[in-house]
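One structure below.
The values are calculated or read from the model by the stated rules, or taken from the named source; none is laboratory data. Being a predicted model, the structure only gives us computed values, none of them experimental. Backbone-built Cβ (ideal geometry, glycine too); neighbour counts: all protein chains shown. Please note that ligands, DNA and RNA were not included when accessible areas were found on the heavy atoms of the full protein model with its side chains. Shrake-Rupley method; radii C 1.70, N 1.55, O 1.52, S 1.80 Å.
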Amino acid sequence: MQQIFSFLFKNSYRLLFLLLLVLSLGLTIQSHSYHKSKVISSANFLTGGIYQKVNNINEYFYLKSQNDELAFENARLKALLFNTKDSTKLPEIDTIKGVKKTDVIISKVIHNSYSRHENYLTIQNGSKDGIKQDMGVINSSGIIGIVDDVSPGYATVISILNVKSQINAKLKKSNHFGSLVWNGKSTGFVQLIDVPRLAGVRKGDTIVTGGQSHIFPENIGIGTIEKVYIEEETNYYVIDVKLFNDMTNLGYVYVIKNKDREEIIQLESKIKKDE
């Protein structure tokens, strides 16, 4: 203990200088948006590289499950081909209805958090690949999240398992809309809130993305109804939705370019100005 005090005393000026330096840098970054954005971008680059190395090791242990997924997908595609009446004309296979293949960027999840209240993913593509903020992220099973921040080679994604996430969704059979949120409890369930009581809901009904979203195309799968109850304060339905996706085990994903998003936002902003 005496040696520790002696060390601190001898190096007190140096330690004080380092402390003040760290404080000044922190205040500079927080008060200047330019410096803050550069730090975030650099952090994304560094953490992205680290996550990629860790992900390469983890991938080895998940080869079997990924091979099973590929085999299932190949079987589904072959079924489409075999059921085509004219075998000389191959069908246009598009798993994302309303989105062209050129409007989708394939990427890979290299980091995924799901044990917090505000969960994020890191994917292996960034601005150099055309990825921008507020793009939707899905996979073959359903929605995953929304792009939050981008560096040249990587991007962070707000997971649907994030208490700040809010996505327009609807009942597939009736088109009644609500907001998809997460209560921070189970990784297998999200909640659809603000659904009017006029909507006929039953356990097992499918929930998909709604047409009012600026980010996701309509009718992308989300999950099925597990439980329905009424929020006393609003008198609206609150629905527990069992996710199609296993959010604890994600591999390749699709980032969706919504080319009409800016046009829709501009039109709606004009309406708000006129009100």
Here the qualifying pairs (Cβ atoms under 6 Å; residues six or more apart or on different chains; first in region 113-131 and within 13 Å of Trp182 (Cβ to Cβ); second aliphatic (A, V, I, L, M)) come out as Tyr114/Leu161; Tyr114/Met247; His117/Val163; Asn119/Leu161
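It is to be established whether one or more residues within region 133-150 are among the small types (Gly, Ala, Ser) and farther than 17 Å from Tyr252 by Cα.
First, the residues of region 133-150 that are among the small types (Gly, Ala, Ser): 136, 140-142, 145.
Then keep just the ones that are farther than 17 Å from Tyr252 by Cα; that gives none.
No: zero hits.
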Leu171: passes all of (1) surrounded by fewer than 20 Cβ atoms within 10 Å (Cβ to Cβ); (2) under 14 Å from Lys242 (Cα atoms) but (1)
Taking region 184-236 and keeping residues within 23 Å of Ser115 (Cα to Cα), open to solvent by less than 70 Å² (accessible area, probe 1.4 Å) and either in contact with a His (Cβ under 8 Å, 6 or more places away or on another chain) or part of a loop (DSSP other than H, G, I, E, B) (or both) leaves Gly184, Ser186, Thr187, Gly188
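Quick check on my filter: what residues within region 122-136 are part of a strand (DSSP E or B) and either over 13 Å from the mean Cα position of the chain (by Cα) or farther than 9 Å from Ala155 by Cβ (or both)?
We begin by selecting, within region 122-136, every residue part of a strand (DSSP E or B); these are 122-123, 136.
Hit for region 122-136 is Gly136, nothing else.
Take the residues of region 174-183 that are surrounded by 13 or more Cβ atoms within 10 Å (Cβ to Cβ) and part of a loop (DSSP other than H, G, I, E, B): which is farthest from the chain's Cα centre (by Cα)? Talk me through it step by step, then tell me what you get.
Taking region 174-183 first, the residues surrounded by 13 or more Cβ atoms within 10 Å (Cβ to Cβ) are 174, 176-183.
Within this subset, residues satisfying the condition of being part of a loop (DSSP other than H, G, I, E, B) are 174, 176, 182-183.
Numbers: Ser174: 26, His176: 23, Trp182: 13, Asn183: 16 Å.
Looking at the filtered set, the residue picked out is Ser174.
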Within region 150-166, residues being among the β-branched types (Val, Ile, Thr) and open to solvent by less than 10 Å² (accessible area, probe 1.4 Å) number 2
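For region 115-139, enumerate the residues that are over 12 Å from Lys257 (Cα atoms) and crowded, with 17+ Cβ neighbours inside 10 Å. Break it down into steps so the answer makes sense when it comes.
Taking region 115-139 first, the residues over 12 Å from Lys257 (Cα atoms) are 115-128, 139.
Listed by number, the residues that qualify are Asn119, Tyr120, Leu121, Thr122, Ile123, Gln124, Asn125, Gly126, Asn139.
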